[in-house]
Amino acid sequence: MEERKIVLDDVDRGIIEELQVNGRESYKSIARKLGVSDGTVRLRTERMIRAGYLRISASVDPLFFENTVTALVGINLERRADRALMEQLAALPGVQSVINATGRYDLMIEVSVSSRRGLRKFLVDGLSDIGGVIASESYVYLDAMGKWVEQKEAESD
């Protein structure tokens with residue numbers, strides 16, 4: 001993985017903290033809180049976005065509605081996980097993230113769907129369409145604090 005060059009200082013971290021509280025906060029308001037100009041806030045925010053370090057987006061609580069199902073799915077593969085396989089998995093309906101990490105599983109996939117049927121469809125149809133999956137183990141979220149995800153297009157049941 002290539003090293004990305006960006007150095008953050010206290011102003012950058014302050015901007016990020018303010019945007020984490022409210023991503024719609026005006027640059028002028030953030031500047032006032034941090035004691036800098038709104039131009040500084042705008043330029044630094046744009047620099048962090050261009051560098052690929054910061055993204056400002058809307059997130060939803062995946063457990064807000066009772067009928068939604070969010071799960072962490074660990075999978076073991078026949079072969080080593082590569083970027084192309086991770087991208088295929090990430091494109092499946094309901095997938096929030098695909099993580100290549102150390103531990104018991106080759107990949108961890110976070111999925112948020114509108115029903116148990118949607119989870120079944122992901123596990124049975126989605127993973128088998130990708131191929132190369134030896135085993136999977138699912139951990140369905142019962143409750144969570146501070147968990148926010150992107151709203152993805154709902155899977156067709």
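With each label modelled as a point 7 angstrom along the Cα→C-beta vector, the LYS28-TYR139 pair spans 4.6 nm.
Could you list the trypsin sites (Lys or Arg not before Pro) in the range 51-136 that lie in coil according to DSSP, counting only those with at most 14 other Cβ atoms within 10 Å of their Cβ?
On the way: sites: ARG55, ARG79, ARG80, ARG83, ARG104, ARG116, ARG117, ARG120, LYS121; in loops: ARG55, ARG79, ARG80, ARG104.
Passing sites in the range 51-136 are ARG55, ARG79, ARG80, ARG104.
Ignoring lysines fewer than eight residues from LYS121 along the same chain, the ones with Cα atoms less than 22 angstrom from its Cα are LYS152. Which whole-Hz couplings ³J(HN,Hα) result when phi for each residue of the range 118-127 is put into the Karplus expression 6.51 cos²θ - 1.76 cosθ + 1.60, θ = phi - 60°, listed in order with x for Gly and Pro? Values, residue by residue: x, 5, 4, 4, 4, 5, 8, 7, x, 5 Hz.
Along its three principal directions, the equivalent ellipsoid of the range 108-157 from the Cα gyration tensor extends over semi-axes of 20, 14, 10 Å, largest first.
What FRET efficiency, computed as 1/(1 + (r/R0)^6) with R0 = 41 Å and r the Cβ-Cβ distance, is obtained for VAL7 and ASN76, rounded to the nearest 0.05?
Working: r = 39 Å, r/R0 = 0.95.
Step by step, r from the Cβ atoms, then E = 0.60.
Between the helical axis of 38-50 and the longest alpha-carbon principal axis of the chain there is an angle of about 30 degrees. Its alpha carbons give the chain an Rg and a Dmax of 19.1, 55 Å. At q = 0.23 Å⁻¹, what is the log10 ratio I(q)/I(0) for the range 69-140, with the Debye formula run over Cα points and no solvent? The Cα Debye sum returns log10 ratios of -1.01.
A short reminder: the numbers here are calculations on the coordinates, not readings from a lab. Values in this document were obtained by computation on a predicted structure and should not be read as measured data. Using ideal geometry, Cβ is built from the backbone for each residue, glycine included, and neighbour counts are taken over all protein chains shown.
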